[in-house]
Structures are given as C-alpha cells and as structure tokens.
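Each remark here refers to the structure printed beneath this line.
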Amino acid sequence: MNDDKTIVCRCEDIDIETIRKLIDQGVTSLEEIKRITRCGMGPCQGKTCGPVIAREIAMKTGQPMEEILSPRSRPPFGGVLFQEVLEGIDDEE
Amino acid sequence: MRISEHPILSFRQNKEVHFTFDGKEVTGYEGDTIVSALHALGIWKLSESPVHRRPRGLFCAIGHCSSCLMRVNGVPNVRSCVTPIEEGMVVESQNPRGDLYDHV
Amino acid sequence: MITCDLLVIGGGPAGISAAVAAGKAGLKVLLLEERERLGGQLTKQTHRFFGSVAERAGTRGIAIIKDLETVVAQLENVEISLSTTALGIYEDGVSTALKSGKMIKIKPKAIVVATGAFEKFLPFENNDLPGVYGAGAVQTLMNIYGVLPARRILMIGSGNIGLIVSYQLVQAGAEVVGVIEASPKIGGYLVHASKIRRLGIPIYPSCTIKKAFGQDRVVGAELVRLDEKWKEIPGSQFTVDCDAICLAVGLNPLIDLLGQSGCQFKYIPELGGQVPIRDESMRTNVPHLYIAGDLSSIEEATAALLEGELAGLSAAKQIRPGQSLEARMEEVKTHLRALRSGPVGEKIRSGLSKLTGEALPTPSPRTNAIDELSRTGIASPANLAGVLPDEKRKKTRAYAVIECYQQIPCDPCVHNCPFGAIKPFSDINDLPIVDFDLCTGCGQCIGRCPGLAIFTVDETRDGDRAKITLPYEFLPKPVREETVDLLDRSGKCVGQGVVKSVLNTPKQDKTTIVTVEIHRNLVQDVRQIRVVQKS
Ligand SMILES: Cc1cc2nc3c(=O)[nH]c(=O)nc-3n(C[C@H](O)[C@H](O)[C@H](O)COP(=O)(O)OP(=O)(O)OC[C@H]3O[C@@H](n4cnc5c(N)ncnc54)[C@H](O)[C@@H]3O)c2cc1C
Ligand code: FES
C-alpha cells in the first residue's frame, strides 16, 4: 500500500478526498459525481458507495438524504455475460 | 485455517480439489469457493485495485461488492467468492483490471 | 417465456414464507434463489433465534431453515429454482433471471420481492485492506465453509449482528479483541451483550475506528473516543492489535431489483435507509408487486416470516379472489403489531408510521432500570436483586435466575417451563417473572433461552458449598469431576469449581447444561465456566 486512503468505492478505486473536493466545487448530486468519477458504475452498481457518498453530500450541503438518494439502478442486477443473454434468445419462438 | 472442530457445526472433509493460484499449485476441498480455499491457506490478498494498485481481499463473500474480482481460466472480473473451485482451475490475481482483448 | 401465478424472488425466510402461503392458497408459485441453497441469512445462524415460539424462536437458525425447506418441498405447486439470480423487473411485469448461464424470462401474475439486505460500509483510512470484512462475510467463511476468518478480530458495531457474530467467532476458535460502538449505549439486545462480556470480550461505547494498519493485510487498528455529540475527543486515540476488522454497522435493504419496476421509495433511516413504499398488506404502489422481509425494513426473522406470509396471502387474494384469507391476514397483522409494540420496537414503529401512517399501540412502560447495563452489558446488583427469591425461599429449593432485564420480543422461556413457573406473557415484550412457589430449579428452561440468560442456583445445603447450573456452548466440553475456572459477568476468573453433571443429549441440541459445585459466596457472581486446557 502506497499511502493511507479512505476508499469509498472499491470497484472504481475512488477515495473520499476526491469526493469531498468535488462537493466543495459544487458538484452536489450523486448523478454528477457518478458521471465525473465513475463512482457507482462499477460491478457492484453503487451498493457500497452510494449511501456513503450521499452522507458526505448531506453533511456538506445540508440537503436531506431523501433528496440525494434516488434509486437509479436499472436491470440487470449483477453482471451478465453477453453469451448468457444470447443463450436465452433460443427460447423465444 | 480450517476449523477442525466446532461446538455446533460439523464440517465434512470432502474430496481434495487441485488448482493453481498465480502459477502455484494449491489445494482446496469440494464445496469450497475460490475465496474460501485461498483464505484457508492464508492467502488473503486476491488482487490489486484498478487505479491505485492497493491490495484487495474479500469483503462481502456473497457476490455483491466486487472486492474479490479475479481472473479465472483466463476470464477476467470473476467474483471469486461465489465461484466454486474445480480441478485444474487456473486462478490469477487481476492486476490492475481485466483487459477486454485477451479473451476475444 | 415462463408463466406462473406468483413469482417469489429471494429464498430467505420472507420469500419461503410467501411461497408457502401462496402455495397453500392454490397458486402456482416459482421461487428464485440466487445461492445454491435456500435460507438467506438463516443458513449462517448457529445460534438459537430470539423471537416468537410460534415462528420457531428458541431454535437455531440452521434448524429453522431445515423445517421451512421441508414445508415448502411438500407443496407440489411451488417450484424452487436455486442458483438463479433475478436480474430485473420491468414495468410490463416481466422479469428476467439468470440460470445456469442462460437468461430466462418470466411473466407471472404477481411478484413478491424478498431479496433481503446488504451490509453498510464504513469510511475510514485503509478500509479496503484485506482483513476488513463485512460481518456476513465472516459468517459465511466460518459457518458455511468452515474456514476461520482470522485469529484476532476487532468488531465494529454492537448491534445484534456484531454481538452474535462475536459470540460465533469465539465458538469457531477465534479471539475477539473488542467490540466498539459509536453510540454511548450498546445497540443490540443486552442478553447478547452479556453473553460476550462473560467471555471476557470488552465492549467500548462512544468509540469509533479511524484507521486500519497494515501493508498487505490488517495488523491493527487505531480507535478514537467520541463525546456525547459524536465528535472525536482529541488525544483519545488508542491502538489495538488485530488481524481482521469486522464491520457490523447495519444493513441497507437490497432494492436494486425494484429500480425499473416503477416502485416508489422513501428514505426512512429507522427502517434501514431507502425502502420501498408499501401498505400494511405488503403491497407496493405497483399493482401485483409485493415485498417482504429485510427488504421492506431491517428487522428480524420472525417479522420476515410474518411479512412473507402476508405478502403471499395478499397476492393470493388478488389473483384468486373469493378465498377467505382475510381472517388469517388480520391475525398476521395483529401478530406483527404485537411484535413491534415493545421498547426495542420503537424505532421500527416510528419508521413505519412515516411510511404508512400505521398507528401502533404505545409501549408498556419499562419495568427495570437498565442504564448501567446498557452501557456495559453487565447487570448491576440492583438488576439482580429484582429477579432473586427471598432468603427463606433460597434455602428451601433450587431456583431459576433469569437475567433478562430488557424488554425484547422473545418468549421461548415461557413455553419451556414444565411447571408453568414463568408467568404467562400478555405481550411478547414482557419480562419473564418466575413464580418461586412453582419453580423447582429443574433447569429445563436453561437451554431454551436464546439469550442464554437463565441459570439455576442450589444453595439448600448447609456448609459453604452450593451449585450453579449454566448453559455452555464451547469446546472442549467439561467432564464430570473436572475442575474448571469460574468466570464472572465480565469474564474475570473468580475461582474454581468442580463439575457435578454434564447434560448433553440430543434434546439439549448442543447447548450443554453444566452443573458446578462452587463456594456459596459466588453463586450470584459466576455466570460462565472455562475448561482448563491441559498442556
Ligand atoms: C448475524 C445475524 C443474526 C441474526 N439473528 C437473528 C435472531 O436471532 N432472530 C431473528 O429473528 N432474526 C435474526 N437475524 C435477522 C434475520 O436473519 C433476518 O431478518 C432475516 O433473515 C430476513 O429475511 P429475508 O428473507 O428478508 O432476507 P434474507 O434472509 O437476507 O434472504 C434474502 C434472500 O434473497 C436472495 N436474493 C437476493 N437477491 C436476489 C436476486 N436478485 N435473485 C434471487 N435471489 C436473490 C439472497 O440470496 C437471500 O437468500 C439475524 C441476522 C444476522 C445477520
Ligand atoms: S467479496 Fe464481495 S463480491 Fe466477492
């Protein structure tokens, strides 16, 4: 390990300082943070980082959690290989 | 380390399963996942993180967090905590992240 | 495209219960479970469940799930599909799932989602080091795969999960160096806290983790004390040596699957965060979409089973109207309300009232002062005085000491006294009260208490010898006439005693009942024994 870091997103390897800097610059929605950092776009789809980042935003901006968190998840839930999707097509007539 | 005796549970010693981890021959038991077999051998570091190359081990053990992604039989991004070991399986650390082209 | 009446997603207690209820009502049910076995959280729970005996409390989680599996397997119209991950629920009611490398499509008439919860993560320095594990992962490794997660573990969080997993770690042969808790009070049930305190595990309230140490894996942690405003107290840092850090800091409902279904959510921290909006019959805003269990609010298995049944019945009522299911539905609702009516249900009650406006009965006032106990996990002399018989009664016969001081929804003890000496509960949150005229000190109740909080004391003999009988769930088991260490409520060794009997038949189901002869001055201090390891 090179240095002490507080990781908020294991998938995309993003640390809390990166997030805090963005919020300080006025990037205060989950959606924007996601588009800039890829946080929440990794294989776990924001299950671990989402609530942590939402709390950071709430603490810094005073926005209620309710407004910060919006269910953005879309299917599929979990990773799927293209091959698996193709396998399924055989079933359709 | 394996739990040899337990006051409530009993663990059957199943058939040995041989596979390789980063080129080294290792042994687990039938019923193990890659993570449980490696962990029992004291191997906790599974891969390195994609950007900062920090050591990564398991976190959730139920396939939900992605902390345990490894390259298995050449396929990257396999969740090693929910993937059962198989005889002759080739398991490798994934550093830093699976490449798109090596499998095509 | 597969068709069925009801699709149930998630094979934990809630999902199984929904499948059984709907199956019994004649629906064609398909139950999907991601893992290769049914049971969800229950498959990892080696302890006896607290809760309601009607929902099998007092039995180990792993045994409850065996029963449930048998029940569901008997229903021919319920098909179980294991190793099948539901991938999405779309607005047109079609679901997709992944089974054996193949994507399948399902078009049911109704869906019950019971996907449970996902563990919360905690930001601190080096929180991604190998050795920082979720509590669920620790349980999976040790209780499913038989692999010891680590040797010296630091537990973060003193909720029921943190307390119970600590106990299970010691059973598996690990050492727990401490349980830390940010709040000034222990979060979980105090019987579970007392259970680990008497093993000598310290609990540190008002304390949090700042940092994990280590290069390739955890070798220690830096902790810091918090003031009453949860702010770090400067200079109060201290370090512990440990080779793993286990996070038990709460769960979030696993709502991902509902994202595209049109289901609405509300942020209610009391229920675990972002939760689906639903009514008292577990129906969401989407027609034909129901939810149950930890997905709807983080609670316990009893609630999950009842909610699952309710969701299954609601779906049956909607798909096949005309059946008389209302009476049972009302019964289940009443049972759920009773479960949540006590002091520990307060959080859930306030969360639910934000969600549905459900009015729930006000709790009965607390009957015991437990402030000191809830900081330390150690009963005070005042607590104890409230549960002992008078001096005269102590001399006449053996008697039970039930060290259950906190009102929790749990009732196995009442149902396990052959003499009816534990007063019947009017409410599942009642405290057990022993009628010492009826109690014979037989000890039948000891092994059935999920809190392992019942002991029997026999101080009828003259002289300085007395006997204590207690539950014991560790290895090695003591043998008769062996000398063992006697531990008090904080795990301190206060003397030695001689084992007089060891009851360990299948009926005890691995909770060994041990009677030890000790000095009479110690009968109210000794609450645990330690087998002296022969070198
Ligand atoms: C350490 C610990 C101790 C506990 N002790 C007690 C106790 O003593 N008494 C008590 O009453 N309760 C206890 N509980 C709580 C209890 O276990 C839970 O409340 C209960 O299991 C919730 O049931 P559920 O069915 O909602 O969820 P779960 O048990 O979590 O089941 C959900 C299931 O859904 C499956 N699933 C998830 N996503 C998908 C998908 N996309 N496709 C298919 N399947 C999916 C999962 O694999 C899982 O099997 C304890 C919990 C823990 C962690
Ligand atoms: S450890 Fe979380 S996905 Fe494997």
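Throughout, read-outs are computed from the coordinates displayed, never taken from laboratory work. Bear in mind that the values here come from a model prediction, so they are computed numbers and not experimental data. Every residue, glycine as well, gets a Cβ built from its backbone with ideal geometry; the counts of neighbours run over all protein chains shown.
Subtracting the Cα-Cα distance from 0.36 nm times the residue separation, let me have the gained length for C:ALA73 to C:ASP437 in nm, one decimal.
Here the answer is 126.4 nm.
Find out how many positive minus negative residues lie around C:LYS467, taking Lys and Arg as positive, Asp and Glu as negative, among other residues whose Cβ is under 10 Å from that of C:LYS467.
Details: positive: C:ARG461, C:ARG465, C:LYS500, C:ARG520; negative: C:ASP458, C:GLU459, C:GLU517.
So the environment of C:LYS467 carries a net charge of +1.
How big is the Kirkwood radius of segment C:377-531, worked out from every pair of different alpha carbons and given in Å to one decimal?
On the way: mean 1/r = 0.0633 Å⁻¹.
After inverting the mean inverse Cα-Cα distance, the result is 15.8 Å.
Might you report the magnitude of the Cβ-based charge dipole of the protein assembly as shown about its Cα centre, with Lys and Arg at +1 and Asp and Glu at -1, to the nearest 20 debye? If you can, show how the numbers build up before the last one.
Working: 85 positive and 89 negative charges, 303 e Å.
With Lys and Arg at +1 and Asp and Glu at -1, about 1460 debye.
When the Cα centres of segment C:494-513 and segment C:1-71 are compared, how far apart do they sit, in Å?
33
For chain B, what is the relative contact order in percent, using Cα pairs closer than 8 Å and at least 6 residues apart in sequence? Please list the in-between numbers first.
Values: 198 pairs, mean separation 30.4, N = 104.
Computed value for chain B: 29 percent relative contact order.
Would you pull out the residues with amide H under 5 Å of C:GLU175's amide H, same chain only if 5 or more places away, H placed 1.01 Å from N?
C:ARG152, C:ILE153
I want to check the label-to-label distance for A:ASP24 and C:HIS519. Put each point 7 Å from Cα in the C-beta direction and report it in nm to one decimal.
With each label placed 7 Å out from Cα toward Cβ, I get 6.2 nm.
Average partner chain C-beta neighbours within 10 Å, per residue of C:131-144? Don't skip to the end; give the middle numbers.
Numbers: counts 5, 5, 7, 9, 1, 5, 12, 2, 2, 9, 9, 5, 5, 6.
Averaged over the peptide's residues, the number is 6.
May I ask you to sort B:LYS24, C:LYS510 by Cβ crowding, counting other Cβ atoms within 10 Å and putting the fewest first? Intermediate results must be reported in sequence, preceding the final value.
Working: B:LYS24 10, C:LYS510 17.
Ascending Cβ contact count within 10 Å gives the list B:LYS24, C:LYS510.
Tell me, what ³J(HN,Hα) does each residue in segment C:343-357 have, in order and in whole Hz, if you take phi through Karplus 6.51 cos²θ - 1.76 cosθ + 1.60 with θ = phi - 60° and put x for Gly and Pro?
x, 6, x, 4, 4, 4, 4, 5, x, 5, 5, 5, 7, 10, x
Considering amide H positions built from the backbone, and no H for Pro or chain starts, which residues 5 or more places from B:GLN94, or on another chain, come under 5 Å of its amide H?
Hits under the 5 Å cutoff: B:GLU48, B:ARG71.
Summarise the long-distance tail of P(r) for segment B:16-92 by giving the % of C-alpha pairs beyond 21 Å. All intermediate terms of the calculation are to be shown ahead of the outcome.
Working: 477 of 2926 pairs.
It works out to 16 percent of all Cα pairs.
Can you tell which of A:CYS44, C:LEU148, C:GLY116 lies farthest toward the positive end of the dipole of the protein assembly as shown, using +1 and -1 charges on the Cβ of basic and acidic side chains (Lys, Arg; Asp, Glu)?
C:LEU148
From the residues C:GLN215, C:TYR290, C:GLY441, which one has its Cα farthest along the dipole of the protein assembly as shown in the positive direction, the dipole being from +1 and -1 charges on Cβ of Lys/Arg and Asp/Glu about the Cα centre?
Of the candidates, C:GLY441 comes out farthest on the positive side.
Can you give me the P(r) profile for segment A:7-92? Cα pairs, bins 5 angstrom wide beginning at 0, each as a whole percent.
Taking all Cα pairs of segment A:7-92, the binned fractions are 3, 14, 24, 21, 13, 8, 6, 5, 4, 2, 0 percent.
Kindly rank A:46-59, C:110-123 from highest to lowest mean number of other beta carbons found within 10 Å of each residue.
Order by mean packing, descending: C:110-123, A:46-59.
Give me log10 I(q)/I(0) at q = 0.07 Å⁻¹ for the protein assembly as shown, Debye formula, one equal scatterer per alpha-carbon, no solvent.
Listed by q, the Debye log ratios stand at -0.50.
Can you pull the mean other chain C-beta count within 10 Å for peptide C:117-125?
Numbers: counts 0, 8, 7, 4, 13, 3, 11, 4, 7.
Partner-chain Cβ atoms within 10 Å, mean over residues of C:117-125: 6.
Between segment C:298-332 and segment A:1-66, what's the alpha-carbon centroid distance in Å?
Each part reduced to its Cα centre gives a spacing of 39 Å.
³J(HN,Hα) across segment C:193-209 via Karplus (A = 6.51, B = -1.76, C = 1.60, θ = phi - 60°), whole Hz, x for Gly/Pro?
Whole-Hz 3J(HN,Hα) from phi for segment C:193-209: 5, 4, 4, 8, 4, 6, 8, x, 7, x, 10, 10, x, 6, 8, 9, 9.
Report the normalised scattering of chain C as log10 I(q)/I(0) at q = 0.06, 0.09, 0.13 Å⁻¹, calculated by the Debye formula with identical scatterers on the alpha carbons.
Here log10 of I(q) over I(0) equals -0.31, -0.69, -1.33.
So what is the orientation-averaged projected area of segment C:94-153, using the convex hull of its C-alpha atoms, in nm²?
Working: hull surface 28.3 nm².
For the Cα atoms of segment C:94-153, the hull's average projected area reads 7.1 nm².
How many nm separate the modelled label positions at A:THR61 and C:VAL94, each set 7 Å beyond the Cα in the direction of the Cβ?
3.7
Placing unit charges on C-beta atoms (Lys and Arg positive, Asp and Glu negative, everything else neutral), compute the dipole magnitude of chain C about its Cα centre in debye, rounded to 20. Walk me through the numbers before you get to the answer.
Numbers: 62 positive and 59 negative charges, 128 e Å.
With only Lys, Arg, Asp and Glu charged at Cβ, the dipole is about 620 debye.
Which three lengths, in whole Å and largest first, does segment C:452-531 cover when its Cα atoms are put on their principal axes?
Principal extents (Cα only, largest first): 35, 26, 23 Å.
Between Rg and the Kirkwood Rh of segment C:232-376, both from Cα atoms, what is the Rg to Rh ratio? Display every interim value, and only then the final one.
Working: Rg = 19.1 Å, Rh = 17.6 Å.
Value, to two decimals: 1.08.
Report the calculated FRET efficiency for A:ILE89 and B:LEU41 (r = Cβ-Cβ distance, R0 = 30 Å), to the nearest 0.05. Show your work: numbers first, answer last.
Working: r = 41 Å, r/R0 = 1.37.
So the FRET efficiency works out to roughly 0.15.
Please give the FRET efficiency for B:GLN13 paired with C:SER501, using the beta carbon to beta carbon distance and R0 = 25 Å, rounded to the nearest 0.05.
Working: r = 33 Å, r/R0 = 1.32.
Efficiency, rounded to the nearest 0.05: 0.15.
Cβ neighbours within 10 Å, averaged per peptide: list C:85-92, B:11-18, B:53-60 in order, most packed at the top.
Numbers: C:85-92: 18.6, B:11-18: 12.1, B:53-60: 24.1.
Put in order of decreasing packing, that is B:53-60, C:85-92, B:11-18.
Measure off 7 Å from each Cα along the Cα-to-Cβ vector at C:LYS392 and C:SER324, then give the distance between these two points in nanometres to one decimal.
Label at C:LYS392, label at C:SER324, 5.5 nm between them.
Gap in Å between the Cα centre of segment B:32-57 and the Cα centre of segment C:171-239?
25
Expressed as an acute angle from 0 to 90° and rounded to the nearest 10, what is the orientation of the C-alpha long axis of helix C:301-319 relative to the principal long axis of chain C?
Value to nearest ten degrees: 20.
Around B:PRO7, with a cut-off of 10 angstrom between Cβ atoms, what is the net charge of the other residues, counting Lys and Arg +1 and Asp and Glu -1?
On the way: positive: C:LYS477, C:LYS510; negative: B:GLU5, C:GLU473.
Around B:PRO7, the surrounding residues sum to 0.
Based on the mean of other Cβ atoms within 10 Å per residue, sort peptides C:373-380, C:252-259, C:347-354 so the most packed one is first.
Working: C:373-380: 20.4, C:252-259: 23.4, C:347-354: 18.4.
In descending order of packing, they fall as C:252-259, C:373-380, C:347-354.
Based solely on its DSSP helices, what 222 nm [θ] is calculated for chain C when runs of n ≥ 4 H residues each add -39,500 (n - 2.57) and the sum is averaged over all residues, nearest 500 deg cm²/dmol?
-6500 deg cm²/dmol
Using a 10 Å cut-off on Cβ to Cβ distances, tally the other chain neighbours for every residue of A:51-59 and report the average as a whole number.
On the way: counts 7, 5, 1, 3, 1, 1, 0, 0, 0.
Across A:51-59, the average partner-chain Cβ count within 10 Å equals 2.
Per residue, how big is the convex hull of segment C:121-249 when only Cα atoms are used? Give it in Å³.
Dividing the Cα hull volume of segment C:121-249 by its residues yields 94 Å³.
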